[in-house]
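Heads up, the thing below is written out as structure tokens.
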Amino acid sequence: MLHHNNFYILGLPRCRSLWSSFLFTGSNSYCHHEAIHESVTSSSLRPRPLKDCPLIGSSDTTPLSFDEALVDDSPLILIHRDLSDVKKALKKSHGFTQDMDPTWLLERSHERLNEIETDNTMHVNYGELSDPNVIRRMLSFTGVQSEPTRINKMIGSRIVVNNPYLWLLKTTN
């Protein structure tokens, strides 16, 4: 049984999932990065409580392995980004080329992300992640507390994972 205070953030690679895990780790929360991906083989694994941390979440890029039953009534934020922009971002940041391009996998992941809906879902477009008002609404939606100065600092920061292509391939194994 999930605790009502868990929250989840889900998008495709290059949708700021690692950045989101930093943003959603605050004075009253801890947000894992790719915890759902790591728990795909274990139906019992959930974001684990940390001592003195009432809100636990996960920011992930694995819509193909995502199960709506996992979140129950917990807040779920879906980050949407145009598929062609995702491919361009992968190429720019990690040398993603057409011969490496699992187009079917990216397209199916994109379709699956658009199919996901729970009773407690918030939809955000990737371009809105630089808007402090949107970020405040996202934080409020999950119950995460953050100082305005930290929000402003996060808006201007870039945090990248070494190779999101590898995360994408792991979802099919």
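Computed from the coordinates by the stated procedures, all read-outs in this text should not be read as laboratory data. Just so you know, these numbers come straight off a predicted model, no measurement behind them. For neighbour counting, all protein chains shown are included, and Cβ atoms are generated from backbone atoms with ideal geometry for every residue, glycine included.
Before moving on, here are some points about what is shown:
- In terms of surrounding Cβ atoms within a 10 Å radius of their Cβ, His123, His33 rank from fewest to most as His123, His33.
- Amide H contacts of Ser58: Phe7, Tyr8, Ile9, His32, each under 5 Å away and 5 or more positions distant or on a separate chain (H built 1.01 Å from N in the peptide plane; Pro and chain starts excluded).
- A full extension of the chain between Lys91 and Asn28 corresponds to an added length of 19.1 nm, given 0.36 nm per residue minus the alpha carbon distance.
- With neighbour counts taken as other beta-carbon atoms within 10 Å, the residues Trp19, Trp104 rank, fewest first, as Trp104, Trp19.
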